[in-house]
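**Q** For reference, the structure I am asking about is given below.
Just so you know, all these numbers are worked out from the coordinates, no wet-lab data involved. All figures in this text were calculated on a predicted structure; none of them were measured in a lab. All Cβ positions, even for glycine, are placed from backbone atoms using ideal geometry, and neighbour counts span all protein chains on display.
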Amino acid sequence: MEVQSLGGVGEVTGSRHLVRSGRARVLLDCGMHQGGDTVSRLRREALRVKPQRLDAVVLSHAHLDHSGALPLLVNRGFRGPIWCTPATRNLLAIMLDDAANLYFRDLEQVNLRRRRAGEKPWEPEYEQADVLAVLEQCQVLDYHRETEIADGLHLNFLDAGHILGSAIVELHERRGGPSRTLVFSGDLGKSDSVLMRDPEVPARADLVLMESTYGNRDHRSLTDTVEELAGILDQARRERGNLIMPAFAVGRTQELLFHLGCLYHAGRLKNWQVFLDSPMAIEVTALYSQWLDALDEEDQRLLAHYRARTLEQFLPPLRLCATVEESMQINRIDQGAIVIAGSGMCNGGRVRHHLKHRLWQERNHIVFSGFQAAGTLGRQLVEGAERVRMFGHQFAVRAQIHTLGGFSAHAGQSQLLAWAGAIDGGPHFRLVHGEETALAVLREALVEKGIAAEVAVRDERVQC
């Protein structure tokens, strides 16, 4: 096998890796780059692969930085199978539809401005029919059910413990001689995350593409992180303020609801109203509730103890805000509101409207619980920006900004090292999906443990 990384190299978005084996061509992930406005970003998005020549796509999970360019791939001629787990297929139906609706809405606004300026409108990069085609081309494969997906290439999924349906990809080349195994980690979850099971470890490998998002540091313990959140709530209550929690609709939102439910049942969420203000997150939360039997067994028992058959039932103060009118009503609440809204990096979505109303007030708190990529509004805020621009206006940043690293859905450095060290076969590691510092630090840590590792270089072809 030969592997060529086309995206997700030196950055944490745009995951895309091309595998060649004999006549077979398989693409691992087809992610969208994040940062900036969607319309301009899609016009710049280069697939850098000939869709018609691909035999298959293998999807590690449904986050858009791993799946968001699938409609583009189909629009430009890909007609083959897209292999994923059943839960990932369910999530894609929600996420790609939501992303498409936002894109078409933004494109309409851009073209209105262009027409007013006497400029030619831009054509869409893909159509709604392409989203439907992606879903029709999905072929689902359960964990631990190896199958041949192209000439001599066999696929197996292991549980990555990152989000619902997330998978570690094993590709086995079987052509009569000694078999070769390529492992793609996808995004690895933390071993102590709620709801998710621990990431599995492949038995052996010859080459491993491993994510490095937090390769340069460990997360704060989950217990300490929950205590920190409780402390922020206490402080905000004393100051008669509110909490805005930008959160990814898939994974992070559901974990936050679970943690807030635990605080509620411990008597530590008194006089707070909780609002989930994201139509997509509401759909995803319902999907998580449908897949409870696939989640962590201990957390399932806790829900059953409180007779909660869904995550929504586990948190009685929760209100689901599906409509724009319900979202706008939240901003009339003067104090005691916890607002969970997307997008997680504040690139778009309803959270920006809540920031517009709350960001300039000192008594309010903005709580980040996930990675903030370079170039995003969230990154500006966590790096201490005093003023930010939204909706064509400047806003003073006077609210208190918090980062709760312990809620990350990604493994920290120690867990990445432990996972890598448990794989037999003396594999060589290629580090992807991380920023420059994280990649360099993780490579050094692996080498110190006697594990062969190097940072992936874009377009470089590597033999497995």
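**Q** Where does the Debye-calculated log10 I(q)/I(0) of the chain sit at q = 0.06, 0.11 Å⁻¹, using only Cα point scatterers of equal weight, no solvent?
**A** Once normalised to I(0) and log-transformed, intensities are -0.26, -0.88.
**Q** Charges only on Cβ, +1 for Lys and Arg, -1 for Asp and Glu: so what's the dipole of the stretch 172-288 about the Cα centre, in debye to the nearest 20? Walk me through the intermediate numbers first.
**A** Numbers: 14 positive and 16 negative charges, 14 e Å.
With Lys and Arg at +1 and Asp and Glu at -1, about 60 debye.
**Q** Excluding same-chain residues fewer than 8 positions from K120, which aspartates and glutamates have a Cα within less than 15 Å of its Cα?
**A** Correct list for K120: E108.
**Q** Now for a separate question. Note down the magnitude of the dipole of the chain about its Cα centre, charges +1 on Lys and Arg C-beta and -1 on Asp and Glu C-beta and zero elsewhere, to the nearest 20 debye.
**A** 1360 debye
**Q** Only Lys, Arg, Asp and Glu count, each charged at its Cβ (+1, +1, -1, -1), so figure out the dipole size of the stretch 222-407 about its Cα centre, rounded to 20 debye.
**A** Charge dipole of the stretch 222-407: 760 debye, to the nearest 20.
**Q** Here's another thing I want to ask about it. Multiply the residue separation of D234 and Q329 by 0.36 nm, subtract the distance between their alpha-carbon atoms, and state the gained length in nm to one decimal.
**A** Gain in length upon complete extension: 31.8 nm.
**Q** Placing +1 on the Cβ of each Lys and Arg and -1 on the Cβ of each Asp and Glu in the stretch 222-407, which of A247, Q361, I401 has its Cα farthest towards the positive end of the resulting dipole?
**A** Positive-end residue among those listed: Q361.
**Q** By how many degrees, between 0 and 90 and to the nearest 10, does the Cα long axis of helix 86-116 differ from the longest principal axis of the chain?
**A** Compared with the principal axis, the helix lies near 70 degrees.
**Q** Angle, helix 252-265 long axis vs. longest principal axis of the chain, Cα atoms, 0 to 90°, nearest 10?
**A** 50 degrees
**Q** Let me ask something else. Please work out the Cα center distance from the stretch 443-464 to the stretch 1-62, rounded to the nearest Å.
**A** 20 Å
**Q** Helix 222-238 sits at what angle to the longest principal axis of the chain, using alpha carbons and giving 0 to 90 degrees rounded to 10?
**A** Result, in degrees: 20.
**Q** So, one more: Could you tell me what percent of the DSSP beta bridges with both partners in the chain are antiparallel, to the nearest 5?
**A** So the antiparallel bridges in the chain amount to around 45 percent.
**Q** Once amide H atoms are built 1.01 Å from N in the peptide plane, which residues 5 or more positions from I168, or in another chain, come under 5 Å H to H?
**A** L158, D159, A160
**Q** For Cα pairs less than 8 Å apart in space and 6+ apart in sequence, what is the mean separation divided by the residue count of the stretch 222-407, i.e. the relative contact order in percent? Don't skip to the answer; put the middle values down first.
**A** Details: 315 pairs, mean separation 58.2, N = 186.
Relative contact order, the stretch 222-407: 31 percent.
**Q** Under the 0.36 nm per residue contour assumption, what length would be gained going from the current alpha-carbon distance of D192 and Q52 to full extension?
**A** Here the answer is 46.2 nm.
**Q** Label points 7 Å out from Cα along the Cβ direction at V201 and L132: separation in nm?
**A** Inter-label distance under the simple model: 4.7 nm.
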